[in-house]
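Read the structure below first, then the notes.
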Amino acid sequence: MQEVIELSFRYQACINGAFYFLLLLEMVPKDLEKELKNIYNALCELLRHFWSCFPPTTKALEEKADNMHAALRRFEMAKVKLFEVLMGSILLCCKINRHLPTYF
């Protein structure tokens, strides 16, 4: 079952254009790999909620989009930047932070 989950995760990552993410997974220790997967999955969920607000046809959707944008910024500061510091000099990690603003 674990192999199926891992293959599913790798397939999802490739589909989402995250080939660099897979390369990074092979370069880091297992504990950092787990943390990166958690960050990736949480970011995907936040982005899913953010993009579900468009087009903002109601005031509630506009407010949700604003709230999700703020949540994405908080997530960036609390999780992504902290993880980038933890990763130190691994160059590929920087791509996460550089590409984050292009998604929203």
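The values are calculated or read from the model by the stated rules, or taken from the named source; none is laboratory data. Only a predicted model underlies this, so the values are computations on that prediction, with no experimental measurement involved. When we count neighbours, we look across all protein chains shown, and the Cβ atoms used for this are built from the backbone with ideal geometry, even at glycine.
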Could you go through the range 6-23 and let me know if any residue there is within 18 Å of the chain's Cα centre (by Cα), surrounded by 13 or more Cβ atoms within 10 Å (Cβ to Cβ), in a helix (DSSP H, G or I) and at pLDDT 75 or above. no
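Among the residues of the range 50-85, how many are of a type in the set (A, V, I, L, M) and either modelled with pLDDT under 60 or loosely packed, with under 12 Cβ neighbours inside 10 Å (or both)? Break it down stepwise before answering.
The initial filter retains those residues of the range 50-85 that are of a type in the set (A, V, I, L, M), namely 60-61, 65, 68, 70-72, 77-78, 80, 82, 85.
Going one step further and asking which of them are either modelled with pLDDT under 60 or loosely packed, with under 12 Cβ neighbours inside 10 Å (or both), we end up with 60, 70, 77-78, 85.
The number of residues fulfilling the criteria is 5.
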